[in-house]
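The values are calculated or read from the model by the stated rules, or taken from the named source; none is laboratory data. Please read these numbers as outputs of a predicted model, since none were measured by experiment. A quick note on method: Cβ atoms are made from the backbone with ideal geometry, for glycine too, and the neighbour counts reach across all protein chains shown. Surface areas here come from the heavy atoms of the whole protein model, side chains and all, with no ligands, DNA or RNA. Shrake-Rupley method; radii C 1.70, N 1.55, O 1.52, S 1.80 Å.
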Amino acid sequence: VTDDRIKAIVPLAPCCVEFLGTEGIAGITAPIMVMAGTADQSAPPELNGIPVFENAGSILRTLVLIQDAPHEVYLDIYTGPITRAHDLIKHFSTAFFLAHLKSDTSASMALDATSIDIPEIEYRIANP
């Protein structure tokens, strides 16, 4: 999992816990923002995304849970009840990459947990 060319990671609905195992997940050292939908039946966040967030070896770990979002929320064909789902996904992933790849201070401020008050989002940051 360690590759010096990878500077930041945003897995969408990760389902790699069984494949990588705890040791493999701990080997993830790049900054990581895990996105998952709380209504995902294909990759339930409590079995996949949350363990990736909690066990990744990176000192910069972020979790974005999209409330009531199914697995297909990331697809262009999604037309579910979360009308701004794609805007939220783009907002958080773009800010994350700008903050960690370009040291963009405005993007970093957009990711400050104290400034995020979005009903559809549960946002967590872990800095061990």
As a test question: what accessible area, to the nearest 10 Å², does residue 75 have when a 1.4 Å probe is rolled over all protein chains in place? 90 Å²
Taking the highest mean first, how do the peptides 85-93, 33-41 order by number of other beta carbon atoms within 10 angstrom per residue? 33-41, 85-93
Taking placed amide H atoms and a strict 5 Å upper bound, the residues 5 or more places from residue 121 or on another chain that come that close are 67
Counting only heavy atoms of the protein chains, get the accessible area per residue of the chain (1.4 Å probe) and round it to a whole Å² value. 57 Å²
Using 0.36 nm per residue, how much length does the chain from residue 72 to residue 39 gain when fully extended, once their Cα-Cα distance is taken away? 10.9 nm
Among [x] -0.74; [y] -0.58; [z] -0.53, which one is log10 I(q)/I(0) by the Debye sum over Cα atoms at q = 0.14 Å⁻¹ computed from these coordinates? [y]
Region 1-89, accessible surface, carbon-and-sulfur percent (1.4 angstrom probe): 54 percent
Could you work out the relative contact order of the chain? I mean the mean sequence separation of Cα pairs under 8 Å and 6+ apart, divided by the number of residues, in percent. 25 percent
If I model a spin label at residue 5 and residue 46 as a point 7 Å from the Cα along the Cα→Cβ vector, what separation in nanometres do I get? 3.9 nm
With the crude spin-label approximation of a point 7 Å out along Cα→Cβ, what separation in nm comes out for residue 103 versus residue 115? 1.9 nm
Sorted by chain and then number, the residues having a modelled amide H within less than 5 Å of the amide H of residue 27, at least 5 places away or on another chain, are 57
At a 1.4 Å probe radius, which order do 59, 82, 6 fall into by accessible area, largest first? 59, 6, 82
When the Karplus curve 6.51 cos²θ - 1.76 cosθ + 1.60 is applied with θ = phi - 60°, which whole-Hz ³J(HN,Hα) does each residue of region 33-44 get, with x for Gly and Pro? 10, 8, 10, 8, x, 5, 9, 6, 8, 7, 9, x
